[in-house]
1. For region 79-186, please list each of the helices (runs of 4 or more DSSP H) lying entirely inside it that holds at least 1 residues being modelled with pLDDT of 95 or more and touching a Ser or Thr at 6+ places or on another chain (Cβ under 9 Å).
2. Which of the numbered conditions does Ser156 fail, given that it passes all the others? Conditions: (1) farther than 28 Å from Tyr33 by Cα; (2) of a type in the set (S, T, N, Q); (3) in contact with a helix residue (DSSP H, G or I) (Cβ under 8 Å, 6 or more places away or on another chain).
3. Would you point out which residue out of Ala113, Ala104, Ala109 is without any contact (Cβ under 8 Å) to a residue 24 or more places away in the chain and under 18 Å from the mean Cα position of the chain (by Cα)?
4. Search region 152-186 for residues being over 27 Å from Ala8 (Cβ atoms) and among the hydroxyl-bearing types (Ser, Thr, Tyr), and hand back the single one that is surrounded by the most Cβ atoms within 10 Å (Cβ to Cβ).
5. In region 7-40, what residues are farther than 17 Å from Leu158 by Cα and either assigned to a loop (DSSP other than H, G, I, E, B) or at pLDDT below 95 (or both)?
6. Kindly indicate whether any position in region 126-139 is of a type outside the set (A, V, I, L, M, F, W, C), touching a residue at least 24 places away in the same chain (Cβ under 8 Å) and under 26 Å from Ala47 (Cα atoms).
7. Only residues that are among the acidic types (Asp, Glu) and farther than 20 Å from Ala179 by Cβ: list them for region 89-112, please.
8. Condition test on Thr125, is it of a type in the set (Ser, Thr, Tyr) and more than 26 Å from Thr167 (Cα to Cα)?
Amino acid sequence: MSARSKFAPIPDADWPQPVADMLSGFAGSLNVYRTMAHHPALLRAWAGLREHVVNRSALGRERSEVVILRTGVRLGSDYEWAQHVQRARKYGLTDRRIALMRGAPADMAPEDAILARAVDELFDTRQIAPATLGDLTAALGGEALLDLMATVGFYSTLAYILNSFETPLDGDIAAELAAHPIAETT
């Protein structure tokens with residue numbers, strides 16, 4: 001058994017007892033968390049941060065999806081991209097707006113561009129430049145700025161897991177994207 005296959009998403013029948021109570025919630029709903037369940041203590045610790053980043057972020061749903069999509073692009077995580085195309089659509093982002101997350105910030109709407117620029121700066125220089133910090137703080141406030149950084153870190157960790165173990169995309173998401181593919185911008 002390869003190291004990658006050793007960390008395949010855990011099926012219901014083999015779900016670890018220490019996190020049995022989490023199977024019916026977020027942890028059992030996505031392959032990324034079924035993969036993380038190989039380390040039950042980590043999955044349990046992850047739950048609180050996940051609740052904040054996914055459901056309580058000062059960025060709000062749309063901005064969070066912009067940050068997550070850009071993070072997925074920067075990390076080359078096809079799983080994160082596909083998962084969040086579906087969620088971004090749910091939260092009102094158009095396919096064009098979503099597709100633009102793969103390109104240059106100059107081609108994006110101003111608010112999306114500053115969010116994407118901040119993500120890019122975190123990956124490129126390990127910090128957000130002072131000018132971008134000022135723009136973000138003025139536009140979003142300090143809590144949203146900190147949530148942006150936490151979101152990039154959170155989804156980076158997930159992408160490392162997904163990419164390292166080649167975690168397969170969840171069937172329902174794959175089917176949805178096959179039925180309704182996103183058109184790339186030209």
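1. Details: elements: 95-100, 110-125, 130-140, 142-165, 171-179.
In region 79-186, 95-100, 110-125, 142-165 are the helices (runs of 4 or more DSSP H) which contain 1 or more residues that are modelled with pLDDT of 95 or more and touching a Ser or Thr at 6+ places or on another chain (Cβ under 9 Å).
2. All conditions are met except number (1).
3. Numbers: Ala104 fails: under 18 Å from the mean Cα position of the chain (by Cα); Ala109 fails: under 18 Å from the mean Cα position of the chain (by Cα).
Answer to the selection: Ala113.
4. Looking at residues that are over 27 Å from Ala8 (Cβ atoms) and among the hydroxyl-bearing types (Ser, Thr, Tyr), I get Thr185.
5. Narrowing region 7-40 to residues farther than 17 Å from Leu158 by Cα: 11-25.
Of everything in region 7-40, those that are farther than 17 Å from Leu158 by Cα and either assigned to a loop (DSSP other than H, G, I, E, B) or at pLDDT below 95 (or both) turn out to be Pro11, Trp15, Pro16, Leu23, Ser24, Gly25.
6. First, pick out the residues of region 126-139 that are of a type outside the set (A, V, I, L, M, F, W, C): 126-127, 130, 132, 134-135, 137.
Okay, now just the ones that are also touching a residue at least 24 places away in the same chain (Cβ under 8 Å), so none.
No.
7. Going residue by residue through region 89-112, those that are among the acidic types (Asp, Glu) are 95, 107, 111-112.
If the condition is that a residue be among the acidic types (Asp, Glu) and farther than 20 Å from Ala179 by Cβ, then Asp107, Glu111, Asp112 are the ones that fit.
8. On the way: of a type in the set (Ser, Thr, Tyr): yes; more than 26 Å from Thr167 (Cα to Cα): yes.
Yes: the conditions hold for Thr125.
The values are calculated or read from the model by the stated rules, or taken from the named source; none is laboratory data. The structure displayed is predicted, hence computed values, not measured ones. Neighbour counts run over all protein chains shown; Cβ positions are idealised from the backbone, glycine included.
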